[in-house]
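These notes concern the structure reproduced below.
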Amino acid sequence: MYPDVMLFVNGQWQPAADGGSLDVVNPATEEVIGQVARAGQADLDKALDAASTAFATWRITSPLERGKTMRRAAELLRERADHIAGIMTREQGKPLAQARAETLGAADTIDWFAGEAQRTYGQLVPARQPDVQQQVSKRPVGVVAAFTPWNFPINQVVRKLSAALAAGCTIIVKGPEETPGSPAELVRAFADAGVPAGVINLVYGVPADISEYLIPHPKVAKISFTGSTPVGKHLAALAGQHMKRATMELGGHAPVLVFEDADLDVAAREMALAKFRNAGQVCIAPTRFLIQDAVYDTFIDKFAAEVRALRQGDGLDEGTTIGPMIHGRGRDNIEAFVNDAVEKGAQVVTGGKRGEGKGFFFEPTVLKDVPASARAWSEEPFGPVALFQSFSEYDEAVAEANRLPFGLAAYAYARDHRLVAALGRDVECGMLTINHNGLGLPEAPFGGIKDSGYGTEGGSEAIESYLELRYVTQAAR
Ligand code: NAD
C-alpha cells in the first residue's frame, strides 16, 4: 500500500550507506506506514560526485533533447496520477482529488519548463568596431541543491527540478521526510523517461545536517529553498557566506480585501476553497480577511456557510474535502493561536477545536473581530484558520494589508474600476489576484517580496536563476 522510500543517487535507488531510516506517519491515523532512508555524509558525497559528473554531459545535451525527455516524464506522471495520489494522501493527508490535481499540475509545470529550455536566448551587443562581435550567452550555473517541504510534496519539487533540468543544471533534491513517497514517484517518472544517471539525485535525512553540508560545498553552485522565513533567513545567510546563488520561497500572511461593491457569493466561495485547501497549510493561503463595514456580517455569514459545508476526514474517504494537518506540532500551534486570539477577545464563528480521536485534525475555523494584539494576526498561522476584521476606508485596509513584513500573496474583491486599479498599485506583495483566484500557474511568476523571500518559481523569469551570463567578444583579425 505504501512503499518504503530509498535515496536516488547516480541513477540507483539505494538505502542509506549506514542503514539509517526514519518513520513515515499517516497524519489521518497517526500510524507508521513506512520508512524513508536517512542520508548521511557518505550518501551526500556520492550524490555530489554524481551530480557534478553528470553536469558535464547534461549541460551540452541540446535544449530540444532535454525538453523531449522532460515531456516524456510529464506523460508518465499523467498515466500514474491515480497511483501517485494514493501515496500522497496516505503520507500527507490531503483529499485524493487534491493529490491527483497536484500530480497533474506538476505534469503541466514540466511541459512548460520543457518549452522554456529552448528559449534561453542570448544577445548580440552592437560593437564599436565593424570587425568585432560581442556575444552574450546564458549557461547553466551547475549543480543545484534544492530543499522542499511537505505541504505540496510534488509541486514544491517539480518547480525547482524542471527549471534546473531545462536550464541544463543537475540537481540534488533534499525532499520532505514527512512525505517522501510521492516526490520519489516524481523522480521515478523522470528516470523512466530517460534522464541520465546523476542528473537528478533525491535524498532525505536530518534537514539541518544536509543543508549545512551541501550549501557550503564547492560542488554546489546554487540553492533553492521553500519553507519558513526563519529557516530561509538562516540558509540565505549561509549561502551568502559561501557566495552561492539562492532562491527563497518563504512564509506569507495573505490579506483578503473585500469591498462593499464586491460579488460576495463568488468571494466567499473562492476564498473558502483557497483558505482550507490542504488544511490551510499553504504559503499563499488567504489569512487576514479585511471586510468593509457595510458587508462585514453578510460576508462572514456566507463564508461560514461554505466552511460548514466542508467535510473533514481521512483524505482516502470519498467526500472528504479537508484532511488532517501534517503533524501534531502543527496542530498544537494552531490550537495555541486560536486560544490566544479567543482569550484576547476574538469570537469563534465556526470550528475552533482539535478533532477527537486519532489523526492530527483541527476543525476548519473562522474567527471574527480578531484583535490586532492576537498573535495569529501577525504571525503566520500555517493551518485551517481564517481571521476577520472590518474596515471602513480604502487607505485603512491597504495600510493593514501592508503592515506585516511578509509580502507573498494578496487577494481582493471589488467592482469599482478605480479601486481595482489602485489595489494593483498599492498592495505590497509578489502576487495579487483580484476578483478570482488565479495564482500558481507555471507560466506566471510565483514568489514573494520582503520577508517572503526573493526569486520566482514561475513565469519566463524562473529559469533565469539557473543560468549565468557569459560575455564573449571577438575581433576578426
Ligand atoms: P519547519 O520550519 O521546521 O520546517 C519547514 C521546512 O523547512 C521543512 O520542509 C523542513 O524540512 C525544512 N527545514 C527546517 N530546518 C531546515 C534546515 N536547517 N535546513 C534545511 N531545511 C530545513 O516547520 P514545520 O513545522 O515543518 O512547518 C511549518 C512552518 O514551515 C510554517 O510556519 C511555514 O511558515 C513553513 N512552511 C512553509 C511552506 C511554504 O510553502 N512556504 C511550506 C511548508 C512549511
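Got a sec? Which of Phe8, Phe55 is more than 14 Å from Val187 (Cα to Cα) and either buried (at least 20 other Cβ atoms within 10 Å of the Cβ) or in contact (Cβ under 8 Å) with a residue 12 or more places away in the chain (or both)?
Working: Phe8 fails: more than 14 Å from Val187 (Cα to Cα).
That would be Phe55, the only listed residue that is more than 14 Å from Val187 (Cα to Cα) and either buried (at least 20 other Cβ atoms within 10 Å of the Cβ) or in contact (Cβ under 8 Å) with a residue 12 or more places away in the chain (or both).
Conditions tested, residue by residue: (1) surrounded by fewer than 18 Cβ atoms within 10 Å (Cβ to Cβ); (2) farther than 21 Å from Val266 by Cβ.
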| residue | (1), (2) |
| --- | --- |
| Leu404 | no, yes |
| Gly440 | no, no |
| Ile463 | no, yes |
| Ala476 | yes, yes |
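From the list Pro216, Pro180, which one is at pLDDT 95 or above and under 24 Å from Trp58 (Cα atoms)? Steps first, answer last, please.
Working: Pro180 fails: under 24 Å from Trp58 (Cα atoms).
Being at pLDDT 95 or above and under 24 Å from Trp58 (Cα atoms) holds for just one of Pro216, Pro180, which is Pro216.
Of everything in segment 411-435, what is assigned to a helix (DSSP H, G or I), under 15 Å from Val295 (Cβ atoms) and among the basic types (Lys, Arg)? Give them in sequence order.
Those that are assigned to a helix (DSSP H, G or I), under 15 Å from Val295 (Cβ atoms) and among the basic types (Lys, Arg): none in segment 411-435.
Each row is one residue, and each column tells you yes or no for (1) hydrophobic (A, V, I, L, M, F, W, C); (2) in contact with a strand residue (DSSP E or B) (Cβ under 9 Å, 6 or more places away or on another chain); (3) at pLDDT below 95; (4) over 27 Å from Gly357 (Cβ atoms).
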position	(1), (2), (3), (4)
Met6	yes, yes, no, yes
Asp23	no, yes, no, no
Arg38	no, yes, no, yes
Glu65	no, no, no, yes
Arg78	no, no, no, yes
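Just checking, which of Gln98, Gln129 is over 26 Å from Trp13 (Cα atoms), in contact (Cβ under 8 Å) with a residue 12 or more places away in the chain, in a helix (DSSP H, G or I) and not assigned by TED's automatic domain parsing to the domain that holds Thr321?
The conditions single out Gln98.
For segment 332-352, which positions are more than 16 Å from the ligand (Cβ to nearest atom) and either out of contact with any strand residue (DSSP E or B) (no Cβ under 9 Å at 6 or more places or on another chain) or assigned to a helix (DSSP H, G or I) (or both)?
Asn339, Ala341, Val342, Glu343, Lys344, Gly345
Are any residues in segment 212-224 closer than 22 Å to Phe446 by Cβ and within 14 Å of the ligand (Cβ to nearest atom), and if so, which ones?
Scanning segment 212-224 gives Ile223, Ser224.
Select from segment 317-331 the residues that are more than 10 Å from the ligand (Cβ to nearest atom), assigned to a loop (DSSP other than H, G, I, E, B) and in contact with a Lys or Arg (Cβ under 8 Å, 6 or more places away or on another chain) and list them in ascending order.
Once the filter is applied, which keeps residues that are more than 10 Å from the ligand (Cβ to nearest atom), assigned to a loop (DSSP other than H, G, I, E, B) and in contact with a Lys or Arg (Cβ under 8 Å, 6 or more places away or on another chain), segment 317-331 yields Gly319, Thr320, Thr321, Gly323, Pro324.
Can you find, within segment 161-201, the residue that is farthest from Gly459 (Cα to Cα) among those that are in a loop (DSSP other than H, G, I, E, B) and among the β-branched types (Val, Ile, Thr)?
Per the stated criteria, the residue is Thr179.
Kindly evaluate Gly459 against the criterion of being free of Cβ contacts under 8 Å to residues at least 60 places away in the same chain, assigned by TED's automatic domain parsing to the domain that holds Asp108 and not hydrophobic (A, V, I, L, M, F, W, C).
Yes, satisfied.
Can you tell me which residue in segment 105-121 is nearest to the chain's Cα centre (by Cα), limited to those that are more than 14 Å from Met70 (Cα to Cα) and either touching a residue at least 60 places away in the same chain (Cβ under 8 Å) or crowded, with 16+ Cβ neighbours inside 10 Å (or both)?
Pass one, segment 105-121, residues more than 14 Å from Met70 (Cα to Cα): 105, 119-121.
Narrowing the set further to residues that are either touching a residue at least 60 places away in the same chain (Cβ under 8 Å) or crowded, with 16+ Cβ neighbours inside 10 Å (or both) leaves 105, 119-120.
Values: Gly105: 13, Arg119: 24, Thr120: 24 Å.
Within segment 105-121, the match that is nearest to the chain's Cα centre (by Cα) is Gly105.
Can you tell me which residue is surrounded by the fewest Cβ atoms within 10 Å (Cβ to Cβ) among those in segment 282-303 that are more than 16 Å from the ligand (Cβ to nearest atom) and under 27 Å from the mean Cα position of the chain (by Cα)?
Initial filter on segment 282-303 (more than 16 Å from the ligand (Cβ to nearest atom)): 289-303.
Next, only the ones that are under 27 Å from the mean Cα position of the chain (by Cα) stay: 289-290, 303.
Details: Phe289: 27, Leu290: 21, Phe303: 27.
Here the residue is Leu290.
I need the full set of residues from segment 329-387 which are more than 27 Å from the chain's Cα centre (by Cα) and buried (at least 22 other Cβ atoms within 10 Å of the Cβ), in order please.
Ala341, Ala346, Val370
Is at least one residue of segment 161-170 on the phi > 0 side of the Ramachandran plot and away from the ligand (no atom under 16 Å from the Cβ)?
Yes, that holds for at least one residue.
Just a yes or no: is a residue in segment 253-273 outside any helix (DSSP H, G or I), closer than 30 Å to Val143 by Cβ and more than 15 Å from the ligand (Cβ to nearest atom)?
As a first pass, look at segment 253-273 and keep what is outside any helix (DSSP H, G or I): 253-263.
Remaining after also requiring closer than 30 Å to Val143 by Cβ: none.
There is no residue in segment 253-273 that is outside any helix (DSSP H, G or I), closer than 30 Å to Val143 by Cβ and more than 15 Å from the ligand (Cβ to nearest atom).
I need the full set of residues from segment 225-252 which are part of a loop (DSSP other than H, G, I, E, B), over 21 Å from Val206 (Cβ atoms) and away from the ligand (no atom under 14 Å from the Cβ), in order please.
Listed by number, the list holds a single entry, Met243.
The values are calculated or read from the model by the stated rules, or taken from the named source; none is laboratory data. Being a predicted model, the structure only gives us computed values, none of them experimental. Ideal geometry is used to build each Cβ from the backbone, glycine not excepted, and the neighbour counts take in all protein chains shown.
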